[in-house]
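Down below is the structure, laid out as structure tokens.
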Amino acid sequence: MIKLVKPLKDIYITQYFGENKVGKGFYAKFGLSSDNHNGIDLRCRVGCLGVGTHEGIAILKESESFGKYIVLNNVKNGEGYDTIYGHLSEFLVKDGDFVKQNQPMYRTGKSGTASNGPHLHFAYRDWRGYKVADLDNGYLGSKDPSMYMDKNWDKDNAYHRYGRKREYLAEIKMRFHNQWLHKQLLKTDQLKKIYDNSFINALVYGGWGFEELMDEAFTEWRYNKKEDYKKGTIAFT
Ligand SMILES: [Zn+2]
């Protein structure tokens, strides 16, 4: 049974496998007949430490589209699988090195065609008979790595920190003590703005302010604890 771990510590997925947020024809240009994304894009800063999601042999590569990238190969006698880590800024292993699961292997970046800013392109492929299997699947053999990962691996820090369950009693107390906030939340309700458990709990016990959470450009609360953010300690390390 294949079991992959998270490639990065802080998870923020900007494009899932099989999506196309870039534009019609973009992925077809790279030879993908599905014209859809053949991996998972994880937003990150340049220089975040990334790990091998399984053990294998690291093959260091460079191309126009992926920039600096690693193929982590776990194929024995022609059978197995590999994973791909694209748009890197730095290799932390040498070509041909054996890498253990969770071993730091690269720093993230925006090399190659990373038009949406720095991110990690993460992909999975099966191998059969000494070749990448299912090359005609519309994704040049790539498959969704999520099927080999923990459920909820794709949720961000805010989900793990605040999102599991809603603290209704604490929420009522907070609304009672802060009428202004209570009114804002009622208004937000009426506007049908979506706020999930993470949003509410970040307010109730996370120490974040309503305006911070409502500012769509402000995403720090999804990654950092309020006290770490105030201290200037940031996620994505
Ligand atoms: Zn990608």
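In table form, for the structure just shown:
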quantity	calculated
Subset of 76/131; 9/143; 68/151 violating a 19 Å alpha-carbon distance limit	9/143; 68/151
Additional length obtainable on full extension of the chain from residue 216 to residue 188, 0.36 nm per residue less Cα span	8.7 nm
Contact order normalised by residue count of the stretch 27-133, Cα under 8 Å, 6+ apart, percent	33
Count of Lys pairs (Cα-Cα under 17 Å; at least 8 positions apart or interchain) in the stretch 161-230	4
Whichever aspartates and glutamates have a C-alpha closer than 12 Å to that of residue 3, once near sequence neighbours (fewer than 8 apart) are set aside	55, 150
The chain: relative contact order in percent, alpha carbon pairs under 8 Å with at least 6 residues between	20
Using alpha-carbon coordinates, inclination of helix 168-177 to the longest axis of the chain, degrees	50
Ellipsoid semi-axes in whole angstrom, largest first, where each is sqrt(5λ) of the Cα gyration tensor of the chain	38, 19, 16
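Values in this text are rule-based calculations from the coordinates and carry no lab data. Quantities reported herein were computed from a predicted structural model and do not represent experimental measurements.
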